[in-house]
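**Student:** Here it is, the structure in full.
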Amino acid sequence: MWERIKEILEIKGRHLEGLLRKATVRGVGIGYKVVGGEVTDELSLVVLVTRKLKPLEDIPPSHRIPREIEGVRTDVIDVGVVRVSPPEPTALRRDRLRPAPGGCSIGHVRVTAGTMGCLVRRGKERFILSNNHVLAATNLGAKGDYILQPGPADGGRVPEDGIAELAEYVPLDFSGVNQVDAAIARPFSQELVVDEILDIGVPLGAGDPELQQEVLKSGRTTGLTRGHVGVVEATIDVLYGERKVRFEGQCVIPVPGFSRGGDSGSAIISADRKIVGLLFAGSEEATVFTPIRRVLQALKVEL
Amino acid sequence: MTRVDLEKAREVLRRHRAWFFSLPGVVGVGISSREGEAVIEILLEREPSSGDIPAEIEGVPLRVRTVGELRAQREDVGAD
């Protein structure tokens, strides 16, 4: 199945921009085709729209969604105003995926689950990037601990779902001011991971977040969502359980439903597919991320 | 946004950061923009009571936004 998903991911990559330009389209994913209310075993390109336009005749030809793209059937799903992605595309993200792409479920053995953000490099070595509170259990982890894909809350078990070992993390300071919530894990082998991020494709390096910039994220819980950067250079208090932890130099996406629990560790990506941030916190109303260059610098890695 | 505005907002924010966090329900403060002008945005856990927060400080407009509790976002089933 994974081979077919990879093929469809490539096809999707070629058509994503064109599809997103069409009226009411809010996202594109991969899921099982639904016919007459029944889920089939055929993988399809799922096109998320804010409302289905009817009848077909009213839609200008350039805004119609083709029934098939490069041999892959499409499935149009009405998601209303996008808050969360529908179950099919996100179900895939909670599965065991080998190789594992960015945007899927991951977690330290002692946590529930978060998101595998993307791969980062130091010399020739590639690491998985996510948060300290996902890969290092909020300072409780030790170098060499098992990292599971999917995360324990999604059924990941030791040892069969082990994909990496905790390599390094930036300790969270509960009484001081923090710059990042970040950690890296070393895959057990390079064949277990890929550079692709689900629903996005291969990222094109690092960028700086800017006010009002349109951004995307691809996360384990809410899938692909879109928003914009509303606040920069922010000092923020974030709750870790009952403990309040202060961060500085952060960015805020003031878009309801942009992320939920389990999306921590997602890469924040600009429209030109550069990674601009690492998501780590949020509420129903807003999402908080760290500018990616701060993260890379703190861990001494590159994209 | 002109550079002077942004620099001024940054400077005012830096000097008054502790005061912003002393206001009831404040969970964050940062720089935003409105119609090309830099503003200071204050993030609140709950709706403010009227009069809690002034409209501007040293000529820099203040804008409030209610965001609720900001939490570390790993899957919350059974977390912590």
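The values are calculated or read from the model by the stated rules, or taken from the named source; none is laboratory data. A quick note: this is a predicted structure, and the numbers were derived from the prediction, not measured. So basically every Cβ, Gly included, is an ideal-geometry build from the backbone, and we count neighbours across all protein chains shown.
**Student:** Looking only at the range A:111-133, count how many residues are in contact with a helix residue (DSSP H, G or I) (Cβ under 8 Å, 6 or more places away or on another chain), within 14 Å of another protein chain (Cβ to nearest Cβ) and outside any loop (DSSP other than H, G, I, E, B).
**Tutor:** Residues that pass the stated criteria total 2.
**Student:** List, please: which pairs have Cβ atoms under 6 Å, are six or more places apart or on different chains, and start with a residue in the range A:237-256 that is within 16 Å of B:Gly30 (Cβ to Cβ) and end with one that is of a type in the set (A, V, I, L, M, F, W, C) and not in a strand (DSSP E or B)?
**Tutor:** Once the first residue is within 16 Å of B:Gly30 (Cβ to Cβ) and sits in the range A:237-256, its partners that are of a type in the set (A, V, I, L, M, F, W, C) and not in a strand (DSSP E or B) give A:Val238/B:Leu70; A:Cys251/A:Val229; A:Val252/A:Ala286; A:Pro254/A:Ala286.
**Student:** In the range B:41-65, what residues are more than 20 Å from A:Ser283 (Cβ to Cβ) and of a type outside the set (S, T, N, Q)?
**Tutor:** Of everything in the range B:41-65, those that are more than 20 Å from A:Ser283 (Cβ to Cβ) and of a type outside the set (S, T, N, Q) turn out to be B:Gly51, B:Pro54, B:Ala55, B:Glu56, B:Ile57, B:Glu58, B:Gly59, B:Val60, B:Pro61, B:Leu62.
**Student:** For residues in the range A:164-183 being under 19 Å from A:Glu302 (Cα atoms) and in contact with a Ser or Thr (Cβ under 8 Å, 6 or more places away or on another chain), which is nearest to the other protein chains (Cβ to nearest Cβ)?
**Tutor:** Result: A:Asp181.
**Student:** Have a look at A:Asp145, A:Asp181 and point out the one that is touching a Lys or Arg at 6+ places or on another chain (Cβ under 9 Å) and at pLDDT 95 or above.
**Tutor:** Within the list A:Asp145, A:Asp181, the selection yields A:Asp145.
**Student:** Scan the range A:134-142 and tell me whether some residue there is part of a strand (DSSP E or B), in contact (Cβ under 8 Å) with a residue 24 or more places away in the chain and under 21 Å from A:Leu299 (Cα atoms).
**Tutor:** no
**Student:** Among the residues in the range A:107-128, are any among the hydroxyl-bearing types (Ser, Thr, Tyr) and modelled with pLDDT of 95 or more?
**Tutor:** Yes, the range A:107-128 has at least one match.
**Student:** If A:Val288 passes every condition in (1) within 9 Å of chain B (Cβ to nearest Cβ); (2) surrounded by fewer than 21 Cβ atoms within 10 Å (Cβ to Cβ) but one, which one does it miss?
**Tutor:** (2)
**Student:** When the residues of the range A:50-69 are filtered to those that are of a type outside the set (Ser, Thr, Tyr) and at pLDDT 75 or above, which remaining residue is surrounded by the fewest Cβ atoms within 10 Å (Cβ to Cβ)?
**Tutor:** Among those that are of a type outside the set (Ser, Thr, Tyr) and at pLDDT 75 or above, it is A:Pro61.
**Student:** Then there's this: I need the full set of residues from the range A:94-103 which are under 18 Å from A:Phe188 (Cβ atoms) and touching a Pro at 6+ places or on another chain (Cβ under 7 Å), in order please.
**Tutor:** Selection gives A:Arg96 alone.
**Student:** Confirm whether B:Ser33 is at pLDDT 90 or above and of a type in the set (S, T, N, Q).
**Tutor:** Yes: the conditions hold for B:Ser33.
**Student:** Ok, one more. Which count do you get for residues in the range A:246-285 that are more than 8 Å from chain B (Cβ to nearest Cβ) and hydroxyl-bearing (Ser, Thr, Tyr)?
**Tutor:** Going through the range A:246-285 one residue at a time, the tally reaches 2.
**Student:** I'd like to verify a number: residues in the range B:19-61 that are out of contact with any Cys (no Cβ under 9 Å at 6 or more places or on another chain) and in a strand (DSSP E or B), how many?
**Tutor:** Number satisfying all stated conditions: 20.
**Student:** Next question. Please count how many residues of the range A:133-168 are under 23 Å from A:Glu191 (Cα atoms) and among the hydroxyl-bearing types (Ser, Thr, Tyr).
**Tutor:** Of the residues in that region, 1 qualify.
**Student:** Identify, from the list A:Ala153, A:Ala167, A:Ala182, A:Ala137, the residue that is buried (at least 17 other Cβ atoms within 10 Å of the Cβ) and on the phi > 0 side of the Ramachandran plot.
**Tutor:** A:Ala137
**Student:** Look at the range A:14-32 and say how many of its residues are of a type in the set (D, E, K, R) and in a strand (DSSP E or B).
**Tutor:** Result for the range A:14-32: 1.
**Student:** More than 7 Å from chain B (Cβ to nearest Cβ) and out of contact with any Cys (no Cβ under 7 Å at 6 or more places or on another chain): is that true of A:Glu233 in this structure?
**Tutor:** So A:Glu233 fails the test.
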